[in-house]
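Everything below concerns the one structure shown next.
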């Protein structure tokens, strides 16, 4: 589990995150300046939960990569209170 929730200085998620092959849960809640998820996020093959919950400013996140659909084990995509273009 990796919680980066509330990290207001985070604008881009580092590509190195995608090397965490055993990561099951990634929480990016309240990251108000987050704009980009790495295009290779699909490499998180064990990811069960991706959460952007209650990020009232996640309209800054320009888009979710189409590759999110390739996350075979993803069970929870949490976009509560988000204005993300999918």
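Computed quantities for the displayed model
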item: Positions within segment 32-50 being within 10 Å of the chain's Cα centre (by Cα) and modelled with pLDDT of 85 or more, in sequence order; result: 41, 49, 50
item: Residue, nearest to residue 69 (Cα to Cα), within segment 1-16, restricted to residues that are outside any strand (DSSP E or B) and in contact with a strand residue (DSSP E or B) (Cβ under 9 Å, 6 or more places away or on another chain); result: 13
item: Pairs, first within 19 Å of residue 75 (Cβ to Cβ) in segment 38-55, second buried (at least 16 other Cβ atoms within 10 Å of the Cβ) and modelled with pLDDT under 85, C-beta under 6 Å, six or more apart; result: 52/58; 52/79; 52/82
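The values are calculated or read from the model by the stated rules, or taken from the named source; none is laboratory data. The structure displayed is predicted, hence computed values, not measured ones. Note: ideal-geometry Cβ built from the backbone for every residue, glycine included; neighbour counts use all protein chains shown.
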